[in-house]
């Protein structure tokens, strides 16, 4: 197993929104996709993933519906709402600002 | 809806949905997590693990499953709703479990809330709901008082000429109207009936901003003399006399023998001016049923001195009463100079219509609200004490919950939820009680409180009840909740969880009982003073017989000259006198307690008379004083010999003698009334006992009785008189005889204002009876509540001290010693409560001064009786707990410990 990094709560929200911006997915697939896209560096702990999903749904940034999974099982699919898309935009910008700032500090010293 | 609102709304909806579908969404959650586990297991197998390995790896990667579920649940934001549901369920269980506690608390609070709500519904109808005119707050009376006469400002309506000039010159008013009150004999359906009427100008309805419900109001054409035989009638008159016919417009009314064409019908609630609207209006007019044009002639309009009307004006928007007053002051200071130089001094007084109608009842309403407020506070005190006692009983349960990690805020919220539930239940019962109270209240209606009959439990009253309930639950719930949740865990565990810490709770409970007693003392003292006042009023010597039957007959215009009037009353007396059983019949122009008054200017020979000296003047016939059983103390009565043309005579009352004939005999002295300094002298031939005239509570003032036959009736003013009959017949038989006698002489004349003198006394004391009854009922209720409180406190204290009392008894204390112990506890509470209460009463009873009669606000008897009464009831409340304490069996008591 590759070394993975624990994620901060806010970062999980950002990643979930980003991943869902492409297509609707169920919980397991979201975790897989994050793992995959980060070249197996980022691992989302399931006990953090589902509370995050429910919180985002409660804030109406994502919505859920039950559907058929790839292995023919009932699964809960999440997709981004219009408000969620706007939120993603904001989060991305603020993340960019943060990481640039952190980079600048790290390089400068 | 913008984006944020929409989100808020959806979030709320989801919260509620997930709350109601709690179970369903839990199933969905576990299905979702289950799917995740299985999908991970499949993926593990696909990457080459054995099925067992795959499953446990999947589980390991998941982390803590219960925590995840809990966090998902909280993420949906329904935790507080769940808590609330839990608290409600728990509270309901507690209410059912402690049934007697619940019943006592709910009933106690319901009494307080019910009393408050009922009185508020009264206040709402009388003070808050608006008068049936457009924007009534902008309506004012314009009076033109003159200090020369030493009479209340509201006696003086403007003279016609003053009114015309005021109307022309003032800029403060958007409309003004002048009207005069009168009564008519309305003939129809074979019998005559008296109706209250107003002679109004064309601007009357426009100023009040009311419109007829049928037909039209008056315009300037109706004011032309000759066109003025038109009338607008009240809704009530339309229904009763004209049968509510749709074609009423154009039909005719016979008023005092003249025919008037009906041109309009007013809406149901409109009967202005009513008796309460004008402090010094026409006493014969209860409500106004007919409005006719005043149709003043140019000569009348130019009359600067005579005034028999009242002016109402509507303030322009933005103009205050004070500004209108200032403007009117200026105008009147000019108009004053146009008056007769002898009577100059005319000024201005602007008074809001609402104050005029409600001025007298407002203090009463506040008194009642204050009283029920006290009752409510005492009820809250009881409920708080009961809750504290129960909190002590529950300290074990709360201690355990606190030990298991319940936060204080959580326990506090639960306790407050419970007290809110109790008061919600109390409100339900209380509104029911309020409905009952209100019906009882309306039965006591003294008849002089405006719109009291309109009191209803409406939406605003319900809102008030809810507000009072919330307030109550905070008042009685907060203290016990704070006290109960103040749990010292170390102490709790040290006492091995058996007992709570009761020390400071006892102090709180005693404090509450003391406060209740103090409130009660204030209430009882106030009630005592009112009861004493009422007794004083009832024991006032009225100066007349209670059983004399009286009725008034108002002349119509056919009786234009004095001779015709005298002839009418002469034959009326003759007819009634001939009825067997009649002992005395007399006629008088103004009857005591009948709300009307005749003042005449007075000049007394040999007395330093002042300018514009006025005296109450009555015209009476031979047997009037005898019919009223008003004794003569000196000299002779007026007799039939004192006819017109004979020597003028007068009988005066004792107050007159005291003021004008202080030194020397009254008989034979000479006075002049009504004609100023040039009129003929009348000789005093007798002195009669004082009679209470305007009210029972006003001291007798000087009065002059003159012969009815010798009084020069003022053509426009004096239009009728009262007949007084003393007999051995029942009241109704006398009334029937009077009606028959009047009808026999002239069927077009109406007999009205039929009363026995005791009925008049009863109606003038009705207000006082009303307020005294209410205060007494509320005070007794408060006393019962407070005594239940003291009883409950001591009973609880005996239970708490069972062990201590057992030890005392075991160590040789006598039973009476134990009784004394408990009595001492009760009496200490009483003592402290009394001291605080009496101190408060010293201050509060001063506010009552306006309600008292013949009793000082600091009446020593009341201030002595209240503590004695309380001492007696407190001892009664202490007895049962004391005897229960004395009956404690030491052995059992020690085991109990």
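In table form, for the structure just shown:
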read-out: The lone exception for residue B:785 - which of (1) assigned to a helix (DSSP H, G or I); (2) modelled with pLDDT under 90 it fails; value: (2)
read-out: Elements of type strands (runs of 3 or more DSSP E) contained in the range B:610-717, each with 2 or more residues being closer than 23 Å to residue B:150 by Cβ; value: B:614-620, B:649-653, B:670-673, B:703-707
read-out: Matching residues, the range B:241-260, being outside any loop (DSSP other than H, G, I, E, B) and loosely packed, with under 13 Cβ neighbours inside 10 Å; value: B:259
read-out: Scope the range A:58-84; condition part of a helix (DSSP H, G or I), touching a helix residue (DSSP H, G or I) at 6+ places or on another chain (Cβ under 8 Å) and modelled with pLDDT of 85 or more; matching residues; value: A:83, A:84
read-out: Residue within the range B:847-861 that is at pLDDT below 90, within 28 Å of the chain's Cα centre (by Cα) and exposed (fewer than 12 other Cβ atoms within 10 Å of the Cβ) present; value: yes
read-out: Residue match in the range B:871-879 (condition: within 26 Å of residue B:366 (Cβ to Cβ) and touching a helix residue (DSSP H, G or I) at 6+ places or on another chain (Cβ under 7 Å)); value: no
read-out: Only one of A:106, A:88 that is without any contact (Cβ under 8 Å) to a residue 12 or more places away in the chain, more than 12 Å from every other protein chain (Cβ to nearest Cβ) and either out of contact with any strand residue (DSSP E or B) (no Cβ under 6 Å at 6 or more places or on another chain) or surrounded by 14 or more Cβ atoms within 10 Å (Cβ to Cβ) (or both); value: A:106
read-out: Odd one out for residue B:611 among (1) touching a helix residue (DSSP H, G or I) at 6+ places or on another chain (Cβ under 8 Å); (2) within 13 Å of residue B:708 (Cα to Cα); (3) surrounded by fewer than 18 Cβ atoms within 10 Å (Cβ to Cβ); value: (2)
read-out: Residue B:876 being under 28 Å from the mean Cα position of the chain (by Cα), exposed (fewer than 14 other Cβ atoms within 10 Å of the Cβ) and not in a loop (DSSP other than H, G, I, E, B); value: no
read-out: Condition broken by residue A:40, with the remaining ones in (1) more than 9 Å from chain B (Cβ to nearest Cβ); (2) in contact with a helix residue (DSSP H, G or I) (Cβ under 9 Å, 6 or more places away or on another chain); (3) modelled with pLDDT under 85 satisfied; value: (2)
read-out: Within the range B:220-237, tally of residues that are surrounded by 15 or more Cβ atoms within 10 Å (Cβ to Cβ) and more than 31 Å from the chain's Cα centre (by Cα); value: 7
read-out: Enumeration of residues in the range A:45-68 that are within 7 Å of chain B (Cβ to nearest Cβ) and either under 13 Å from residue B:71 (Cβ atoms) or touching a strand residue (DSSP E or B) at 6+ places or on another chain (Cβ under 6 Å) (or both); value: A:45, A:46, A:47, A:50, A:51, A:54, A:55, A:58
read-out: Qualifying residue in the range B:130-139 (condition: modelled with pLDDT under 90, surrounded by fewer than 23 Cβ atoms within 10 Å (Cβ to Cβ) and outside any loop (DSSP other than H, G, I, E, B)); value: yes
read-out: Residue B:558 being over 31 Å from the mean Cα position of the chain (by Cα), over 23 Å from residue B:628 (Cα atoms) and in a helix (DSSP H, G or I); value: yes
read-out: Condition check for residue B:142: crowded, with 23+ Cβ neighbours inside 10 Å, touching a helix residue (DSSP H, G or I) at 6+ places or on another chain (Cβ under 7 Å) and in a helix (DSSP H, G or I); value: no
read-out: Residues of the range B:611-636 that turn out to be out of contact with any strand residue (DSSP E or B) (no Cβ under 6 Å at 6 or more places or on another chain) and over 18 Å from residue B:550 (Cβ atoms), as a count; value: 3
read-out: Filter result for residue B:490 (in contact (Cβ under 8 Å) with a residue 12 or more places away in the chain and either under 25 Å from residue B:774 (Cα atoms) or in a helix (DSSP H, G or I) (or both)); value: no
read-out: Selection count, the range A:12-30, where residues are free of Cβ contacts under 8 Å to residues at least 60 places away in the same chain, within 12 Å of chain B (Cβ to nearest Cβ) and within 8 Å of the chain's Cα centre (by Cα); value: 1
read-out: Odd one out for residue B:580 among (1) more than 29 Å from residue B:693 (Cα to Cα); (2) touching a helix residue (DSSP H, G or I) at 6+ places or on another chain (Cβ under 9 Å); value: (2)
read-out: Hits in the range B:570-589 (condition: under 17 Å from residue B:620 (Cβ atoms) and exposed (fewer than 14 other Cβ atoms within 10 Å of the Cβ)); value: B:574
read-out: Single match in B:342, B:329, B:355 (criterion: more than 14 Å from residue B:161 (Cα to Cα), at pLDDT below 90 and assigned by TED's automatic domain parsing to the domain that holds residue B:153); value: B:342
read-out: Residue B:140 farther than 18 Å from residue B:778 by Cβ, in contact with a strand residue (DSSP E or B) (Cβ under 9 Å, 6 or more places away or on another chain) and not assigned by TED's automatic domain parsing to the domain that holds residue B:282; value: yes
read-out: Residues satisfying the stated conditions in the range B:702-720, i.e. at pLDDT 90 or above and under 35 Å from the mean Cα position of the chain (by Cα); value: B:702, B:703
read-out: Test: residue in the range B:815-833 that is in a helix (DSSP H, G or I) and closer than 19 Å to residue B:371 by Cβ; value: yes
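One line per residue, one yes/no per condition, for (1) assigned to a helix (DSSP H, G or I); (2) under 11 Å from residue B:477 (Cα atoms):
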position	(1), (2)
B:406	no, no
B:412	yes, yes
B:415	yes, yes
B:418	yes, yes
B:422	yes, yes
B:425	yes, no
B:429	yes, no
B:434	yes, no
B:438	yes, no
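Residue-by-condition table, conditions (1) under 27 Å from the mean Cα position of the chain (by Cα); (2) in the same structural domain as residue B:460 (by TED's automatic domain parsing); (3) closer than 17 Å to residue B:310 by Cα; (4) buried (at least 18 other Cβ atoms within 10 Å of the Cβ):
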residue: B:126; (1), (2), (3), (4): yes, yes, no, yes
residue: B:169; (1), (2), (3), (4): no, no, no, no
residue: B:184; (1), (2), (3), (4): no, no, no, yes
residue: B:194; (1), (2), (3), (4): no, no, no, yes
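The values are calculated or read from the model by the stated rules, or taken from the named source; none is laboratory data. As the structure is a computational prediction, the values presented were derived from the model and not from experiment. Glycine also receives a Cβ, built like all others from the backbone with ideal geometry; neighbour counts cover every protein chain displayed.
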